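What follows is a short report on a single structure.
Just so it is clear, none of the values below were taken in a lab; they were calculated from the coordinates. As the structure is a computational prediction, the values presented were derived from the model and not from experiment. Glycine gets a Cβ as well: all are built from the backbone with ideal geometry, and neighbour counts include every protein chain shown.
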Amino acid sequence: MSDADVPVLACADARDGVAVIDEFAGRSAAEVEDVETRGTAYLVLAAVRDGALSAAEGRDAIDAMIDHGWYVAPDAYTKIVGKLESLGE
């Protein structure tokens with residue numbers, strides 16, 4: 001778990017909120033502490049679902065995140081793109 005995960009978990013827990021964490025160790029710690037988590041892609045998917053972004057803009061956002069160093073496994077990327085496509089229908 002990274003040092004950045006601790007304040008994220010504490011903040012989410014104190015506010016009965018959701019922590020945005022991508023790494024496995026942080027999610028494991030959140031599970032132990034009973035803190036709900038979502039990954040970074042969830043923010044983009046929620047923006048598309050809520051109409052703040054089009055599906056194409058959502059895909060551009062995900063691709064830009066990857067271009068700037070965000071790591072996503074190929075199978076997860078495929079699922080994200082599929083979900084964006086289904087939200088765009």
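Separation of segment 4-36 from segment 53-68 is 25 Å, based on Cα centroids. Here's how it looks for residue 19: its modeled amide H is under 5 Å from those of 36, 37, 38, which are all 5 or more places away or on a different chain.
Loop-only check: which chymotrypsin sites (Phe, Trp or Tyr not before Pro) in segment 1-74 are DSSP coil with at most 13 other Cβ within 10 angstrom? Passing both the DSSP loop test and the Cβ count: 70, 71. Fraction of C-alpha pairs exceeding 14 angstrom in the chain: 66 percent, rounded to a whole number.
By the scheme Lys and Arg +1, Asp and Glu -1, what is the net charge of all other residues having a beta-carbon under 12 Å from that of residue 43? If you can, show how the numbers build up before the last one.
Numbers: positive: 38, 49; negative: 22, 50.
Result for the neighbourhood of residue 43: 0.
Checking every one of the trypsin sites (Lys or Arg not before Pro) in segment 1-77 against DSSP loop status and a limit of 15 other Cβ atoms within 10 Å picks out 15. Cut-off 18 Å, label point 7 angstrom out along Cα-to-Cβ of residue 50: give me the residues of segment 58-89 whose amide nitrogen falls inside. Under cut-off, by backbone N: 58-59, 61-62, 84, 87-88. Restricting segment 4-33 to GluC sites (Glu not before Pro) that sit in a DSSP loop and have at most 15 other Cβ atoms within 10 Å of their own Cβ leaves 23, 33.
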